[in-house]
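Q: Have a look at this one.
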Amino acid sequence: MADWRERAELLFKKEGLERLKNAHVMVVGLGGVGSFAAEFLARAGVGNMTIVDGDVVDITNINRQLPALHSTVGQPKVKIVGDRLMDINPELNLIRVQEFLSPERAYELVTPEYDYVLDCIDSITPKLNLLISARRQKVKIISNMGAGGKYEAGKVRVADISKTEYCPLAKTVRKRLKKEGISKGVKVVYSIEYPDQTSLKMTDGSNFKKSFFGTNSWIPAVFGLHSAETVVKYLIGHGNK
């Protein structure tokens, strides 16, 4: 019987698969972006993964999040996503952290043991602390900017935070990082499409989130795809690092 990584080995080569198997990647946030990114990483052959999320599946998640089904509403995302990852690769060394990332915990969770961290959080304060923590500890990180309010998959880009444009979230993150002495050196996924402002809705501000845009089924997944692609290519030593 063929190994489930047979097609991956043809592309990544044996050495690339070994690098992926030995890598440890952390995915913070398992919503529309992070759930797809985590799955792409697992299917690529990443052998050690830590997933972090304190939320449960909500009925409104069904339009865009991999773990969200009518049958999973109310269940923890780390359980649904984690069980799925283990079903993809039963040999995966998986650590599940079921908690919302507070600013303080961002500095505790990120350590040099990680080869890459994926920031898939949509709340600014935890996102900033995660980025600052990774930069200070010299841990590679890719951060996802605003995926809401957008339609055009072809307008999603990967660039240094200093090169971003059109994205309101990226602008806010860029300004606040600059106050911490960080003006570049943070890779991000963002879109050059202006968000549809008519789709904006305000919240009660819980979990550091004051508002959100309307979303569709494909843009968050595209962000997750670009995040996972960037990480896998780095781990196997392919192309730009």
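The values are calculated or read from the model by the stated rules, or taken from the named source; none is laboratory data. Since this is a predicted model, take the numbers as computed values, not measurements. Because the Cβ atoms are built from the backbone with ideal geometry, glycine has one as well, and the counts that use them run over all protein chains shown.
Q: Search the stretch 184-212 for residues being more than 19 Å from the chain's Cα centre (by Cα) and among the aliphatic types (A, V, I, L, M), and hand back the single one that is surrounded by the most Cβ atoms within 10 Å (Cβ to Cβ).
A: Ranking the qualifying residues of the stretch 184-212, first place goes to L200.
Q: Here is a further query. Give the residue that is nearest to F12 (Cα to Cα), with candidates limited to residues of the stretch 56-89 that are in contact with a Phe, Trp or Tyr (Cβ under 9 Å, 6 or more places away or on another chain) and buried (at least 22 other Cβ atoms within 10 Å of the Cβ). Steps first, please.
A: Step one: of the stretch 56-89, the residues in contact with a Phe, Trp or Tyr (Cβ under 9 Å, 6 or more places away or on another chain) are 64-66, 88-89.
Adding the requirement that they be buried (at least 22 other Cβ atoms within 10 Å of the Cβ) leaves 65-66.
Numbers: Q65: 28, L66: 26 Å.
Here the residue is L66.
Q: So which of T215, T230 is buried (at least 20 other Cβ atoms within 10 Å of the Cβ) and in a loop (DSSP other than H, G, I, E, B)? Reasoning before the result, please.
A: On the way: T230 fails: in a loop (DSSP other than H, G, I, E, B).
Criteria check complete, one pass: T215.
Q: Restricting to the stretch 156-172, give me the number of residues that are closer than 13 Å to I124 by Cβ and part of a loop (DSSP other than H, G, I, E, B).
A: 1
Q: Out of D119, D53, which single residue is charged (D, E, K, R), touching a Lys or Arg at 6+ places or on another chain (Cβ under 7 Å), buried (at least 16 other Cβ atoms within 10 Å of the Cβ) and under 23 Å from K171 (Cα atoms)? Let's see the steps before the verdict.
A: On the way: D53 fails: under 23 Å from K171 (Cα atoms).
D119 is the lone residue from the list that is charged (D, E, K, R), touching a Lys or Arg at 6+ places or on another chain (Cβ under 7 Å), buried (at least 16 other Cβ atoms within 10 Å of the Cβ) and under 23 Å from K171 (Cα atoms).
Q: Of the numbered conditions (1) touching a residue at least 40 places away in the same chain (Cβ under 8 Å); (2) under 19 Å from I219 (Cα atoms); (3) surrounded by fewer than 22 Cβ atoms within 10 Å (Cβ to Cβ), A147 fails exactly one; give the number of that condition.
A: (3)
Q: Here is a further query. List the residue pairs whose Cβ atoms are under 8 Å apart, where the first residue sits in the stretch 1-27 and is within 10 Å of V46 (Cβ to Cβ) and touching a residue at least 60 places away in the same chain (Cβ under 8 Å), the second is among the aromatic types (F, W, Y) and part of a helix (DSSP H, G or I), and the two are 6 or more positions apart or on different chains.
A: Sorted first by the residue in the stretch 1-27, then by its partner, the pairs are L20/F12.
Q: Let me ask another. I'd like to know if the stretch 158-173 contains one or more residues that are surrounded by 14 or more Cβ atoms within 10 Å (Cβ to Cβ) and either touching a residue at least 60 places away in the same chain (Cβ under 8 Å) or within 29 Å of K13 (Cα to Cα) (or both).
A: yes
Q: On to the next question. For the stretch 93-105, what are the residues that are within 18 Å of the chain's Cα centre (by Cα), at pLDDT below 95 and not in a loop (DSSP other than H, G, I, E, B)?
A: Of everything in the stretch 93-105, those that are within 18 Å of the chain's Cα centre (by Cα), at pLDDT below 95 and not in a loop (DSSP other than H, G, I, E, B) turn out to be P103, R105.
Q: Restricting to the stretch 60-92, give me the number of residues that are closer than 13 Å to M49 by Cα and either among the small types (G, A, S) or in a loop (DSSP other than H, G, I, E, B) (or both).
A: Number of matching residues: 5.
Q: Looking at K184, K175 in this structure, which one is farther than 26 Å from T60 by Cα, in a loop (DSSP other than H, G, I, E, B) and among the basic types (K, R)?
A: Numbers: K175 fails: in a loop (DSSP other than H, G, I, E, B).
After applying the criteria, what remains is K184.
Q: Please go through the stretch 149-168 and pick out each residue that is more than 9 Å from V188 (Cβ to Cβ), at pLDDT below 95 and either among the hydrophobic types (A, V, I, L, M, F, W, C) or touching a Phe, Trp or Tyr at 6+ places or on another chain (Cβ under 8 Å) (or both).
A: Y166
Q: Of everything in the stretch 174-183, what is within 20 Å of F213 (Cβ to Cβ), surrounded by fewer than 17 Cβ atoms within 10 Å (Cβ to Cβ) and without any contact (Cβ under 8 Å) to a residue 40 or more places away in the chain? Give them in sequence order. Give the steps one after another, and end with the answer.
A: Within the stretch 174-183, the first condition is being within 20 Å of F213 (Cβ to Cβ), and the residues that meet it are 174-176.
Those left that are additionally surrounded by fewer than 17 Cβ atoms within 10 Å (Cβ to Cβ): 175-176.
K175, the sole residue that qualifies.
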